[in-house]
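First the structure, in the form of structure tokens, and then the observations on it.
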Amino acid sequence: MEATYFFDPACPFTWRTSRWLVGVAPERGVTLRWRAFSLSILNGDNVPEQYKPMMAASSKALRLVEALRADHRDDDIATFYTELGTRTHEAGVPLSDDVVVQAAEAAGIADPKTVLDDASWDEAVRESHELAFGSAGPDIGSPVLMVEGAARGVHGPIIGEVPGTEEALAIWDAVVPLARSATFFEVKRGRS
């Protein structure tokens, strides 16, 4: 089975969900594809001032995601996102341009600044974002998960902590039929 995960690297919930998905994929024979979902595009000019540098760095990271995807380098995207999330979400360090470059270099991506500073990739980011938003929206954010055999994507699942293997597989086994259902649209509970 193939699954496409649309993500914004600035979002900590998206990071935890990605770690759940990375753990589930080999257990369920899932081939992961990685795509851009931009919280900057989603929020437009409504980003608080203190988050603007982080969102700018995230936008640059998403340029690299789409450039690698265009070159069919999903494994490199996965490695880059792992390096990025480890340096930010796991280390408690804010996302910045420097962290994005460090993560790309650690992922073995040659001369990442060439793509990170290339605004011509912004259209590919926007197209990816619009695909995800159109598939799962309205009233959604990052992440969006599209699974093979589903007519639409789903927002999430949003998880508080990365679960152990048994619970992770149970969540996957519940999410896939919901995602494939034409009548299902939401399950939600408040965050604690």
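The values are calculated or read from the model by the stated rules, or taken from the named source; none is laboratory data. This structure is a prediction, so every number in the text was calculated from the model and none was measured. Note that we place each Cβ from the backbone using ideal geometry, even for glycine, and neighbour counts take in every protein chain shown. The accessibility values were calculated without ligands, DNA or RNA, using every heavy atom of the protein model including side chains. Shrake-Rupley method; radii C 1.70, N 1.55, O 1.52, S 1.80 Å.
Some notes on this structure:
- Options Val47, Val22; residue that is assigned to a loop (DSSP other than H, G, I, E, B) and open to solvent by 20 Å² or more (accessible area, probe 1.4 Å): Val47
- The lone criterion from (1) open to solvent by 60 Å² or more (accessible area, probe 1.4 Å); (2) on the phi < 0 side of the Ramachandran plot left unmet by Val176 is number (1).
- In this structure, Phe185 does not satisfy being closer than 26 Å to Ala70 by Cα and among the aromatic types (Phe, Trp, Tyr).
- Scanning the range 1-19 for residues that are open to solvent by less than 20 Å² (accessible area, probe 1.4 Å), closer than 20 Å to Leu169 by Cβ and more than 8 Å from the chain's Cα centre (by Cα) returns Ala3, Thr17.
- Flag for Thr79 being open to solvent by 20 Å² or more (accessible area, probe 1.4 Å), modelled with pLDDT of 95 or more and of a type in the set (Val, Ile, Thr): yes
- Flag if Leu131 is more than 20 Å from Leu62 (Cβ to Cβ) and open to solvent by less than 100 Å² (accessible area, probe 1.4 Å): no
- Residue within the range 129-146 that is over 17 Å from Ile41 (Cβ atoms) and in contact (Cβ under 8 Å) with a residue 12 or more places away in the chain present: yes
- Asp97 of a type in the set (D, E, K, R), under 25 Å from Pro12 (Cβ atoms) and modelled with pLDDT under 95: no
- Residue match in the range 60-72 (condition: over 20 Å from Ala107 (Cβ atoms) and in contact with a helix residue (DSSP H, G or I) (Cβ under 6 Å, 6 or more places away or on another chain)): no
- Close pairs from the range 1-26: first without any contact (Cβ under 8 Å) to a residue 24 or more places away in the chain, partner not hydroxyl-bearing (Ser, Thr, Tyr), Cβ under 8 Å, at least 6 apart: Ala25/Ala3; Ala25/Leu32
- Listed by first and then second residue, the pairs with beta-carbon distance under 8 Å, at least 6 apart or on different chains, first residue in the range 176-192 and farther than 17 Å from Ile158 by Cα, second outside any loop (DSSP other than H, G, I, E, B), are Arg180/Val147.
- Residue within the range 137-144 that is in contact with a Phe, Trp or Tyr (Cβ under 6 Å, 6 or more places away or on another chain) and either of a type in the set (Ser, Thr, Tyr) or on the phi > 0 side of the Ramachandran plot (or both) present: yes
- Any hit, the range 84-104, residues being part of a helix (DSSP H, G or I), open to solvent by less than 70 Å² (accessible area, probe 1.4 Å), closer than 17 Å to Val24 by Cβ and of a type outside the set (A, V, I, L, M, F, W, C): yes
- Residue within the range 134-148 that is part of a helix (DSSP H, G or I) and either open to solvent by less than 20 Å² (accessible area, probe 1.4 Å) or not small (Gly, Ala, Ser) (or both) present: yes
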